[in-house]
Structures are given as C-alpha cells and as structure tokens.
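J.: Encoded as structure tokens, here's the structure I'll be asking about.
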Amino acid sequence: MSSNKRIILITGANNGIGFETAAALATASSKNHVLVAARSRSKGEQAIKNIQARNPVGTLSLVELDVTSDASIAAAAKQIETEFGRLDVLVNNAGICTLHTVADTTREILHSTFDANVYGPMLLTNAVAPLLKKSKDPRIINVSSTMGSITLRSDHTDPLSANNLAEAYRMSKAALNMLTATLNFEFKDWPTPCKVWSFCPGFVVTDLGARDDGTGSREWKKNNGAENPETSAEGIRQIVDGERDGEVGKFVQRFGKQGPW
Ligand SMILES: NC(=O)c1ccc[n+]([C@@H]2O[C@H](COP(=O)([O-])OP(=O)(O)OC[C@H]3O[C@@H](n4cnc5c(N)ncnc54)[C@H](OP(=O)(O)O)[C@@H]3O)[C@@H](O)[C@H]2O)c1
C-alpha cells in the first residue's frame, strides 16, 4: 500500500454511522485508505462490497476487530502495523446501547456497555498509539453522544432529560468524553501532537438501541425525528479533513456546532 495514503481506521464500520463514514471517507479522496473494522468478517466484507458499489475514488480493506476482546485488538494492531506501518486517523465509532431505566440497570448491562463504549476505545487507542505516533497528522475521533453530557443531564428543562431509558449508555459516553480530554493531554507532546475530539453524530436512523418491542427500531427512530446517518458521516469527514482543527479537544457536533461536556 502506498505510504502517501491517509490510513483511516473506523471501528464498527459494517453498519450505521460507521458504515456511512467509511463510505464518505472512501468517496472524499483518492488519498484515503479506509480500514473497515468489523467484528464479523462476513459483515465487514459485505460492507466493503456495498461501498465499492458506489465507485469510491479511495480504497478500502477489512480489519476484523471486536473492541471488547484484547486478543482481537492486538491482532488488529499487528495487522495494521504489518500492512501499513502507521495509522493516521482512528475513529472510535463502535458502540452499543441497551434501553433500561436506572432501576432496571444490572451489573451485566453496565459491564457490557462500558466494555464496548469505554474500555474498547481506550484499549484500542493504546494498542495503535505507536502507529498513530508515526503519522504526520494523527487524529482520533471518539464518537460520543449528547446523551453523555453532564451539563445537559443536569438541566431538567432540556428535552433530552425526558429520555430515562439509556442510563448506562449516558454514563459510558460521559466516560468516553473524559477519555477525549485525557488523550489530548497524554498525546500533546508527540512529535506531531495527536488531535482528539469527541463527536456527537446527532440522532440518526441506525440499529442502535433497538428493542424487541420496536422501541428504538429504525421505524421508531424515523417517527421520532431521527435524521440520516450520512449527516453524521459528513461531520466526521469534516474533522478528518481538518475543517474543525480550531476545536481540537472539544465536544463537537454536526453542522459546525459544539455541545457542552
Ligand atoms: N444512532 C444515533 O442516533 C447515535 C446518536 C449518538 C451517538 N451514536 C453513537 O454512534 C456510534 C455508532 O452507532 P450506530 O448508531 O451507527 O449504531 P449501529 O447501527 O448499531 O452500529 C454499531 C456498530 O458498532 C459495532 N459494534 C458493536 N459492538 C462492537 C464490538 N464489541 N466490537 C466491534 N464492533 C462493535 C456493530 O457491529 P455489529 O453489526 O456486529 O453489531 C455496528 O457495526 C455509537 O458509538 C453510538 O453510541 C449514535
């Protein structure tokens, strides 16, 4: 692989926002090589086929990666090192959300939510940090959520406050936001300091948080005002392309907006 390509790793890139982001970045520039990370090889391969059907100018390849598995993270980092020798952009996108109230939340729900949404991004970042350090322009985008804003959760007049069905998820995204602040501090003395953002992709139609009774399904989301995940992908593309460099270390949103921590 040509070393002048920008190597971009997107976790959970087989579906939803990750998929649209992989498609947007592969479409944006012939200099982009998108590593489509998926925990299922077949789903990842299908995603690449679907993006290639859009005739992108950039290139794509698969990385099998379950962010809750240390062995899978180590193997993915090794694969990227062998194939590319460095990494330019890490998009920590993979995440889960199970819908439960505070009273219904169990240790298992907390564990699985934090495993995918917090431990995974942190441990994957650690594993690929030596590869990012070799980049001339290293970037990390942590896909967070306004649901994780402590400021908005504390404002009981905020419309999001009425949603009390994703409490473990809210906590995990607040923790992910702290990871953003921590990485900005930790990686500021690199030869080229690593730029890190938290990004809220907005409320968009994907499979996240769908329940058997239909709550959270794509149809439910559409009926409740969710937008197209292509808008989220465009927001991530702007960060990758340097259009939000004045906001490094911030909690940014789509359409040039910022949110409170
Ligand atoms: N949709 C929204 O409105 C919204 C709003 C705010 C924030 N977000 C954030 O956006 C990100 C993407 O969510 P989405 O809405 O696109 O959801 P989605 O459609 O459910 O996609 C989630 C992706 O993450 C992958 N994933 C889950 N657990 C994983 C693991 N352990 N290892 C590797 N990959 C894993 C899934 O893979 P499988 O297909 O194998 O399950 C899937 O590819 C999440 O971090 C979410 O919190 C979404």
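J.: Quick one: count up the residues across region 136-151 that are in contact (Cβ under 8 Å) with a residue 60 or more places away in the chain and crowded, with 18+ Cβ neighbours inside 10 Å.
T.: Count: 6.
J.: Quick one: which of 59, 21 is of a type in the set (Val, Ile, Thr) and within 10 Å of the ligand (Cβ to nearest atom)? I'd like the intermediate steps shown before the answer.
T.: On the way: 59 fails: within 10 Å of the ligand (Cβ to nearest atom).
It is 21.
J.: Out of curiosity, is residue 9 free of Cβ contacts under 8 Å to residues at least 60 places away in the same chain, surrounded by 13 or more Cβ atoms within 10 Å (Cβ to Cβ) and either within 16 Å of the ligand (Cβ to nearest atom) or under 21 Å from residue 207 (Cβ atoms) (or both)? Quick ask: steps written out before the conclusion?
T.: Numbers: free of Cβ contacts under 8 Å to residues at least 60 places away in the same chain: no; surrounded by 13 or more Cβ atoms within 10 Å (Cβ to Cβ): yes; either within 16 Å of the ligand (Cβ to nearest atom) or under 21 Å from residue 207 (Cβ atoms) (or both): yes.
When the stated conditions are applied, residue 9 does not pass them.
J.: Within the bounds of region 194-217, is there any residue that is closer than 25 Å to residue 6 by Cα, near the ligand (Cβ under 10 Å from one of its atoms) and part of a loop (DSSP other than H, G, I, E, B)? Give the steps one after another, and end with the answer.
T.: Quick first cut of region 194-217, residues closer than 25 Å to residue 6 by Cα only: 194-201.
Among the residues that remain, those that are also near the ligand (Cβ under 10 Å from one of its atoms) are: 199-201.
Now narrow it down to the ones that are part of a loop (DSSP other than H, G, I, E, B): 201.
Yes, because at least one residue in region 194-217 is closer than 25 Å to residue 6 by Cα, near the ligand (Cβ under 10 Å from one of its atoms) and part of a loop (DSSP other than H, G, I, E, B).
J.: Could you give me the residue pairs with C-beta distances under 6 Å whose first residue belongs to region 195-213 and is within 17 Å of residue 20 (Cβ to Cβ), whose second residue is polar (S, T, N, Q) wherever it lies, and which are 6+ apart or on separate chains?
T.: These pairs meet every condition: 200/144; 200/145; 200/146; 200/253; 201/232; 202/232; 204/232.
J.: Moving on to the next point. Surrounded by fewer than 17 Cβ atoms within 10 Å (Cβ to Cβ), closer than 24 Å to residue 90 by Cβ and at pLDDT 95 or above, is that true of residue 219?
T.: Details: surrounded by fewer than 17 Cβ atoms within 10 Å (Cβ to Cβ): yes; closer than 24 Å to residue 90 by Cβ: no; at pLDDT 95 or above: yes.
In short, no.
J.: OK, next. Looking at region 72-98 only, could you name the residues that are surrounded by 18 or more Cβ atoms within 10 Å (Cβ to Cβ), within 16 Å of the ligand (Cβ to nearest atom), assigned to a helix (DSSP H, G or I) and not small (Gly, Ala, Ser)?
T.: 73, 80
J.: Return the residue satisfying two criteria in turn: it lies in region 99-117 and is among the β-branched types (Val, Ile, Thr) and surrounded by fewer than 21 Cβ atoms within 10 Å (Cβ to Cβ), and of such residues it is modelled with the lowest pLDDT.
T.: Here is the first cut: in region 99-117, the ones among the β-branched types (Val, Ile, Thr) are 101-102, 105-106, 109, 113.
Filter again for surrounded by fewer than 21 Cβ atoms within 10 Å (Cβ to Cβ), leaving 101-102, 105-106, 109.
Details: 101: 92, 102: 95, 105: 95, 106: 97, 109: 97.
Checked region 99-117; the qualifying residue modelled with the lowest pLDDT is 101.
J.: If you don't mind, another one. Residues in region 24-41 that are within 10 Å of the ligand (Cβ to nearest atom) and either farther than 14 Å from residue 93 by Cα or small (Gly, Ala, Ser) (or both): how many?
T.: Step one: of region 24-41, the residues within 10 Å of the ligand (Cβ to nearest atom) are 36-40.
With the extra rule that they be either farther than 14 Å from residue 93 by Cα or small (Gly, Ala, Ser) (or both), the set shrinks to 37-38, 40.
Adding up the residues that qualify gives 3.
J.: Have a look at 64, 108 and point out the one that is free of Cβ contacts under 8 Å to residues at least 40 places away in the same chain and within 10 Å of the ligand (Cβ to nearest atom). Explain how you work it out, then say what you get.
T.: Working: 108 fails: within 10 Å of the ligand (Cβ to nearest atom).
The conditions single out 64.
J.: Exactly one condition in (1) within 19 Å of residue 40 (Cβ to Cβ); (2) among the hydroxyl-bearing types (Ser, Thr, Tyr); (3) touching an Asp or Glu at 6+ places or on another chain (Cβ under 8 Å); (4) not in a loop (DSSP other than H, G, I, E, B) is false for residue 161; which is it?
T.: Unmet for residue 161, out of (1) within 19 Å of residue 40 (Cβ to Cβ); (2) among the hydroxyl-bearing types (Ser, Thr, Tyr); (3) touching an Asp or Glu at 6+ places or on another chain (Cβ under 8 Å); (4) not in a loop (DSSP other than H, G, I, E, B): (1).
J.: Output yes when any residue across region 238-248 is within 11 Å of the ligand (Cβ to nearest atom) and either out of contact with any Pro (no Cβ under 8 Å at 6 or more places or on another chain) or among the β-branched types (Val, Ile, Thr) (or both), and no when none is. Quick ask: steps written out before the conclusion?
T.: The initial filter retains those residues of region 238-248 that are within 11 Å of the ligand (Cβ to nearest atom), namely none.
Within region 238-248, not a single residue is within 11 Å of the ligand (Cβ to nearest atom) and either out of contact with any Pro (no Cβ under 8 Å at 6 or more places or on another chain) or among the β-branched types (Val, Ile, Thr) (or both).
J.: On to the next question. Can you pull out every residue in region 164-193 that is within 29 Å of residue 138 (Cβ to Cβ) and either of a type in the set (Asp, Glu) or outside any helix (DSSP H, G or I) (or both)?
T.: Within region 164-193, 186, 187, 188, 189, 190, 191, 192, 193 qualify.
The values are calculated or read from the model by the stated rules, or taken from the named source; none is laboratory data. Keep in mind it's a predicted model, so treat the numbers as computed, not measured. Reconstructed Cβ throughout: ideal geometry from the backbone, glycine too, with neighbour counts over all protein chains shown.
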